[in-house]
1. Give the residues of segment 4-18 that are in contact (Cβ under 8 Å) with a residue 24 or more places away in the chain and outside any helix (DSSP H, G or I), sorted by residue number.
2. With the requirement that a residue be of a type in the set (K, R) and closer than 19 Å to D267 by Cα, what does segment 166-225 give you?
3. Quick check, is D224 assigned to a loop (DSSP other than H, G, I, E, B) and either within 22 Å of P3 (Cα to Cα) or not assigned by TED's automatic domain parsing to the domain that holds A254 (or both)?
4. Could you list, in sequence order, all residues of segment 244-272 that are assigned to a helix (DSSP H, G or I) and more than 28 Å from R185 (Cβ to Cβ)?
5. Going through I97, I142 one at a time, which residue ends up being part of a loop (DSSP other than H, G, I, E, B), among the aliphatic types (A, V, I, L, M) and buried (at least 22 other Cβ atoms within 10 Å of the Cβ)?
6. Scan segment 243-252 for residues that are touching a Pro at 6+ places or on another chain (Cβ under 6 Å) and within 17 Å of G95 (Cβ to Cβ) and report the count.
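The values are calculated or read from the model by the stated rules, or taken from the named source; none is laboratory data. Quick caveat, the model's predicted, so the values are computed rather than measured. Positions of Cβ are generated from backbone atoms using ideal geometry, with glycine treated the same way; all protein chains shown enter the neighbour counts.
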Amino acid sequence: MRPLISPAELAAFEDRERPVVLDVRWRLGGPPGEASYRDGHLPGAVFVDLDTALAAPPGEGGRHPLPDPDVLQSELRKAGVRAGRAVVVYDDADGSIAARAWWLLRWAGHDQVAVLDGGYAAWSAEGREVTTEVPSPEPGDIEVRPGGMPVLSADEAAALAREGVLFDARANVRYTGETEPVDPRAGHIPGAVNAPSSEHAGPDGRWRSPAELAERFAALGLADGVQAGAYCGSGVTASSVVLALEVAGRTEPAALYAGSWSHWSRDPERPAATGPEHG
């Protein structure tokens, strides 16, 4: 299954073949995504909460650590996710939150998953049906088997920044250390390259073409055969770098530093680089 699916492609599925659709809308600082879901969502979509289903509680591991596999399995089963059945995830922003769900399903061993290109906004803009009806899906049978996607420890992220390319998906002002509104310290992992997740999509909210994304990553210093990884503030929007690299045609998945800056910056012994230059 390709990592992105258009609204037209999703709408074309026959009911009996229709993928499980997950609404994962979320915003840093609120309002809660579930409120938006209840105001209107794709037919049959089930709301899945980032904070309680797609992440473990915040703590030493960062603000959005990877969820406990048993908890993730339970939440996905409640949403109707089944082995062998495709899943489509969407948000109402730049696709970064949906990318987290996409990444987790891939990490869990479920390959049949795609992000809705343009998300809820694109679906609505095309005049497609939305509803306030909350479905009661038949429980799924997915078995979460972690290990389907590569992850990085803090030390491995530091080494990759020196030996490969480590992308920082945060806004440039956070990367440079000009501001840090959430985490303990400002700055970035030394050697990391800034690749804001907001730039993966065009002005219309849809993902840029594979050629555009490939050109962007090449301009940021990623060459064929070079190992790539990604981090962000808490490991959520960095997932969209992994997705964007796959859309761009990269066959080897980029590794994710799940703890990201929220984990790195907790340890005063870890260095924090500032300023616009990397390396």
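1. Of everything in segment 4-18, those that are in contact (Cβ under 8 Å) with a residue 24 or more places away in the chain and outside any helix (DSSP H, G or I) turn out to be L4, I5, S6, R18.
2. Residues of segment 166-225 that are of a type in the set (K, R), as a first pass: 170, 174, 185, 206, 208, 216.
Within segment 166-225, R174, R185 meet the criteria.
3. Taking the combined requirement at face value, the residue satisfies it.
4. Taking segment 244-272 first, the residues assigned to a helix (DSSP H, G or I) are 244-247, 260-264.
Hits for segment 244-272 are E246, V247.
5. On the way: I97 fails: part of a loop (DSSP other than H, G, I, E, B).
None of the others qualify; the one that does is I142.
6. Let us first name the residues in segment 243-252 that are touching a Pro at 6+ places or on another chain (Cβ under 6 Å), namely 243, 246-249.
Checking the rest, the ones that are also within 17 Å of G95 (Cβ to Cβ) come to 243, 246-248.
Result for segment 243-252: 4.
Conditions tested, residue by residue: (1) part of a loop (DSSP other than H, G, I, E, B); (2) closer than 27 Å to W264 by Cβ; (3) modelled with pLDDT of 95 or more.
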position: R27; (1), (2), (3): yes, yes, no
position: G30; (1), (2), (3): yes, yes, no
position: R38; (1), (2), (3): no, no, yes
position: G44; (1), (2), (3): yes, no, yes
position: P57; (1), (2), (3): yes, yes, yes
position: H64; (1), (2), (3): yes, yes, yes
position: P67; (1), (2), (3): yes, yes, yes
position: Q73; (1), (2), (3): no, no, yes
